[in-house]
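For reference, the structure discussed in these notes is given below.
The values are calculated or read from the model by the stated rules, or taken from the named source; none is laboratory data. Everything numeric here is computed off the predicted structure, so don't read it as measured data. Ideal geometry is used to build each Cβ from the backbone, glycine not excepted, and the neighbour counts take in all protein chains shown. Ligands, DNA and RNA are stripped out before the accessible areas are found, and what is left, the full protein with its side chains, is counted by its heavy atoms. Shrake-Rupley method; radii C 1.70, N 1.55, O 1.52, S 1.80 Å.
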Amino acid sequence: MRRFFLLIMCASLLCLAGCADDGDDGQTGAVGSAGADAINYGTIEGLVLDASGNPVADATVDTDPTSITATTNEDGEFTLSDIAIGSYQVTATKSGAGAATVMCGVAAGGITSMSITLTDELDVPATIMGTILNTEGAGIMGATVSVAGQTDATTTTALDGSFSLSDLTPGYLFLNVQAPSDTYLDGGNRKALFVQGGETVTDLEITLSGRPSADATYVGMATCEGCHGSYHIGNVDPALFDAYNGSETAAIHSRFVTEGTSHLVYKSLWPDMDGVVLPKNTSGGLLKVQDPATGSSTALVNLALCREDASEAGDRYTPVGEGEQFLFKFYATGDLAEGDLDCDTDTAGATWIPVAATIGGEGNWGEGYTDETHAIADSHPNFGEGKQRYMCRLEDVPYIKQWNLENGVDRTGQPQDYVAYMPAFIMQDGTPVGSDILEDSEPGTPTFWQKSPSAWCGPYNTLSRNCAGCHATGLKLETADITDDDGHSYKSVVTYWEYKDLNVTCERCHGPGSDHLAQKFDNTTLIMPQYLTTQAANETCGQCHGNHDGRSSTPAGVYKPAYDGTYTDTLGYGFFVPGVYSLETFFANFNQPTTTLVPDWTVGSFHTWPDQTHSRPHSQEYLELRRSVHYNNSYETLACFDCHNAHTLNGGPASREVDGYEFSNVTYANNTLCLTCHATRGSFTDVSIADVAVLQVDAGRTVTKDDVEVTFEDSEAALARNQVAKAVAEHMQVKAGMGGALYTPTDSDMPVGSCTSCHMAKIGKLQDINVDFFYHLAADSDGNSAVAEGNVPSHVFDIVWPGQSSVLKNSDPASGHDYDIMPNSCSKCHEFARISGDLD
């Protein structure tokens, strides 16, 4: 007779997929009414039966995590009262009768009911049998298979890749698979396998990703396109290769860096051919900057922005292509008044440097460089539009050109390199121009603003060293530590660079492709992120989305991108390769929080608000995710690509299969993506996957079941929408007392009822400089300006309460700023939740 533990998925199970709320252990209670305490406890009640279905008296019932213990009465009934909300294993035991464990959740103020049937033995072991495969479906011999948390549960795969693990403690199990050689990468199951007591699970299959050899080289996007441009494997979006070829609907990864000025945003803010624009400093005065002729960081010079036809360049500068040029005009002095600054071409001693490339700025703004009024619908919802920096050619900066000459740095014959940023950039997102909340000295966005004005044209500020580590593929550098004749020492000055693609393309995530070509397109020589461990899968994205202000460990404090000089002469040429390396060695004090306004990389790479949990700037989504219950729970650990499509970045993942329904290009609209996991569980027990399919169809996306496209009658679709709205409203009422709020998750201007409004509030900001109006300001309860939100959604997925913001208020507001105060989940919509950081 097969013996087993009975698993009951209780109706109140909060988050089987690992999606709890915030609090000391990942939970939160319901908000009490005025004058009443919040509800943070519930009740578990039930019935214990023997194998024949008879009530069992005097059975002991307890929980894990530990709460209280109960004993069943003569009718087999028990009650566990005042149980803190959360998920529990409930175990019933009686000597001679057996034991059993069930899994359930406790909701605030709720009663969880269950029936537990005892087996005749305690802790009946389980067995798992399966096969470890490569990406071509062949078995892998010699892989080490183990069960997380069970030290004795380890075995090695046979010749055909098969394995058997016995004497396992039942429950939710994660298997770890250690690759037998450098031919493969470690893997495992990211969704826990539930194994009942006494059960033998058979036919489990786990696939390991292959990996390129240590001497593999990059082949470039054009080579990949040769095959994959005509047919597409799996769920790769057919528009992928059009995207990499510069389509206006291209993925942001493939167009973040654009040579030339074709993707310059807000061209209307640049002057007309006979006009001038004068960028301002943080005090509202004329911006003075480092002199590109002398390199002086003390004798700053005046700056003007100009536009002219390339045919008028003469010998003042080398044009960037034909047509209009966008120019930085640097004066020879910094003692001029505003009326003295213009775009006169006869100005003595002026240095003219054209914008030669742009970095960033397009974001979710599908055709922002031609559509400043957003008349065309935005098409990339994963990204805010943020900012755009301007770059110039190294040889156009007289100081850098002369410095390279004097110090033996010859860059001829190499790909074009750029100064990574010029001393002014355009900030696109923040409090808009004309807002009543702005002070007279605050111009509002979009606007030109200063970017490191006194330190922009040093020999270290190159795209190759500071940016290409994240914004290029197949990057290889040669550097030198140089002390010049003035006694200034510079670490790791780039003397040579090359790359395959100037942007993020296939090999950035899948590894160098030369082996794949040489071995006739054998997929076992490529990295497949979906088969990596949870950590490695997330580090695929985290190599660039896991750092903003950190620096390399080797060499110490030099590189901002993921670089480890230990690996210069092997795979990746020193730059991170997913699954092959661990990010721990690529950044000093990786994942450690640093909370100062000006971050200190020697303390930690994770620049946070004072709570050490939520990111203050952008580009740190992975480090936030690591602090999320999505990343660390007993049931399923999520990877970035479970919610994002890295190939197009247009909406959710390319495909998700749930209970026989397959969602294609899952939409974020109306909570659809979130509910593909959370429906049928916890607060959303009464929402079916069919209900969620209605939301997907409403958004114009496709759902199939058994390969047949799903459609709905108007009446059943209306019922589904009602069921979702009811569940969301009840969830808001229990968690935040918001039952009376209008359910409008499809309205971006009033997104009440959207999961992301509360659980992914925009806590961070695309940081270049701390200025109040770079955040979204609005009035607090007293009419003072305060931060309503930033522009980077939190990936901790918890609720940030107003109280967490209020404790940051400066006791002397005369020395405070609005940007000192962390935004919270309520501050976007509610005045009471905004906290002014200064006197106005």
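The set of residues in the range 57-66 that are closer than 16 Å to residue 116 by Cβ, among the β-branched types (Val, Ile, Thr) and open to solvent by 40 Å² or more (accessible area, probe 1.4 Å) contains only 60.
Among the residues of the range 176-210, the ones that are charged (D, E, K, R), crowded, with 16+ Cβ neighbours inside 10 Å and farther than 19 Å from residue 522 by Cα come to 2 in all.
Evaluate the following for residue 135: is it under 30 Å from residue 531 (Cβ atoms) and either of a type in the set (Val, Ile, Thr) or assigned to a strand (DSSP E or B) (or both)? Considered against the rule, which asks whether it is under 30 Å from residue 531 (Cβ atoms) and either of a type in the set (Val, Ile, Thr) or assigned to a strand (DSSP E or B) (or both), residue 135 comes out as yes. Determine, yes or no, whether residue 681 is open to solvent by 40 Å² or more (accessible area, probe 1.4 Å), within 16 Å of the chain's Cα centre (by Cα) and not β-branched (Val, Ile, Thr). Taking the combined requirement at face value, the residue does not satisfy it.
Within the group 694, 703, 734, which residue is in contact with an Asp or Glu (Cβ under 9 Å, 6 or more places away or on another chain) and within 16 Å of residue 678 (Cβ to Cβ)? Answer to the check: 694. One residue stands out among those in the range 116-141 that are among the small types (Gly, Ala, Ser) and at pLDDT 95 or above: the one that is surrounded by the fewest Cβ atoms within 10 Å (Cβ to Cβ), which is 137. When only residues in the range 478-503 that are part of a loop (DSSP other than H, G, I, E, B) and either among the small types (Gly, Ala, Ser) or closer than 20 Å to residue 399 by Cβ (or both) count, which is most open to solvent (accessible area, probe 1.4 Å)? Checked the range 478-503; the qualifying residue most open to solvent (accessible area, probe 1.4 Å) is 485. For the range 529-578, filtering for residues that are touching a Lys or Arg at 6+ places or on another chain (Cβ under 9 Å), of a type in the set (Phe, Trp, Tyr) and open to solvent by less than 10 Å² (accessible area, probe 1.4 Å) leaves 1. A single member of 144, 91 is within 30 Å of residue 685 (Cα to Cα), open to solvent by 10 Å² or more (accessible area, probe 1.4 Å) and modelled with pLDDT of 90 or more, and it is 91. Just so you know, in the range 147-157 the residues that are aliphatic (A, V, I, L, M) and either part of a loop (DSSP other than H, G, I, E, B) or touching a residue at least 24 places away in the same chain (Cβ under 8 Å) (or both) include one that is surrounded by the most Cβ atoms within 10 Å (Cβ to Cβ), and it is 147. Candidates 710, 703, 728: the one that is within 20 Å of residue 755 (Cα to Cα) and among the β-branched types (Val, Ile, Thr) is 728.
For the range 317-338, a residue qualifies if it is open to solvent by 60 Å² or more (accessible area, probe 1.4 Å) and either part of a loop (DSSP other than H, G, I, E, B) or farther than 29 Å from residue 430 by Cβ (or both), and the qualifying residues are 318, 322, 332, 335.
When only residues in the range 512-569 that are polar (S, T, N, Q), farther than 20 Å from residue 253 by Cβ and assigned to a helix (DSSP H, G or I) count, which is modelled with the lowest pLDDT? So the residue we want is 523. Is there a residue in the range 81-97 that is under 23 Å from residue 636 (Cβ atoms) and assigned to a loop (DSSP other than H, G, I, E, B)? Yes.
Taking interchain pairs and intrachain pairs at least six residues apart, which have beta carbon atoms under 8 angstrom, with the first residue in the range 437-464 and over 12 Å from residue 282 (Cα atoms) and open to solvent by 20 Å² or more (accessible area, probe 1.4 Å) and the second small (Gly, Ala, Ser) and outside any loop (DSSP other than H, G, I, E, B)? Close Cβ pairs (under 8 Å, with a partner that is small (Gly, Ala, Ser) and outside any loop (DSSP other than H, G, I, E, B)) amount to 437/778; 437/779; 437/785; 438/785; 439/785; 460/492. Is it fair to say residue 636 is closer than 21 Å to residue 765 by Cβ and among the acidic types (Asp, Glu)? Here the answer is no, as residue 636 does not meet what is asked.
For first residues located in the range 42-56 and outside any loop (DSSP other than H, G, I, E, B) and of a type in the set (D, E, K, R), partners that are open to solvent by 30 Å² or more (accessible area, probe 1.4 Å) and at pLDDT 90 or above and lie 6+ apart or on another chain with Cβ distances below 7 Å form the pairs 45/79. Could you go through the range 61-79 and let me know if any residue there is farther than 22 Å from residue 196 by Cα and in contact with a Gly (Cβ under 7 Å, 6 or more places away or on another chain). There is at least one residue in the range 61-79 that is farther than 22 Å from residue 196 by Cα and in contact with a Gly (Cβ under 7 Å, 6 or more places away or on another chain). Going by the structure shown, is residue 631 buried (at least 20 other Cβ atoms within 10 Å of the Cβ), part of a helix (DSSP H, G or I), touching a residue at least 60 places away in the same chain (Cβ under 8 Å) and under 15 Å from the mean Cα position of the chain (by Cα)? It is false that residue 631 is buried (at least 20 other Cβ atoms within 10 Å of the Cβ), part of a helix (DSSP H, G or I), touching a residue at least 60 places away in the same chain (Cβ under 8 Å) and under 15 Å from the mean Cα position of the chain (by Cα).
Scanning the range 693-709 for residues that are buried (at least 17 other Cβ atoms within 10 Å of the Cβ), touching a strand residue (DSSP E or B) at 6+ places or on another chain (Cβ under 8 Å) and either assigned to a helix (DSSP H, G or I) or modelled with pLDDT of 95 or more (or both) turns up 693, 696, 697, 703.
Looking at the range 387-394, is at least one residue more than 17 Å from residue 354 (Cα to Cα) and not in a loop (DSSP other than H, G, I, E, B)? Scanning the range 387-394 turns up at least one residue that is more than 17 Å from residue 354 (Cα to Cα) and not in a loop (DSSP other than H, G, I, E, B). Within the range 67-86, being of a type outside the set (Val, Ile, Thr) and either over 14 Å from residue 106 (Cα atoms) or open to solvent by 70 Å² or more (accessible area, probe 1.4 Å) (or both) holds for 70, 73, 74, 75, 76, 77, 78, 82.
Does the range 407-423 hold any residues that are surrounded by fewer than 17 Cβ atoms within 10 Å (Cβ to Cβ) and either of a type in the set (D, E, K, R) or more than 16 Å from residue 480 (Cα to Cα) (or both), and which are they? Once the filter is applied, which keeps residues that are surrounded by fewer than 17 Cβ atoms within 10 Å (Cβ to Cβ) and either of a type in the set (D, E, K, R) or more than 16 Å from residue 480 (Cα to Cα) (or both), the range 407-423 yields 410, 412, 413, 414, 415, 416.
Regarding residue 623, is this residue open to solvent by less than 20 Å² (accessible area, probe 1.4 Å) and touching a residue at least 12 places away in the same chain (Cβ under 8 Å)?
Criteria met by residue 623.
Taking residue 666 as the residue in question, decide whether it is over 26 Å from residue 187 (Cβ atoms), buried (at least 17 other Cβ atoms within 10 Å of the Cβ) and of a type outside the set (Gly, Ala, Ser). No.
Quick check: anything in the range 288-296 at pLDDT 90 or above, acidic (Asp, Glu) and buried (at least 21 other Cβ atoms within 10 Å of the Cβ)? The answer is yes, given that some residue of the range 288-296 is at pLDDT 90 or above, acidic (Asp, Glu) and buried (at least 21 other Cβ atoms within 10 Å of the Cβ).
The residue list 262, 283, 268 contains one member that is in contact (Cβ under 8 Å) with a residue 60 or more places away in the chain, part of a loop (DSSP other than H, G, I, E, B) and under 33 Å from the mean Cα position of the chain (by Cα), which is 262.
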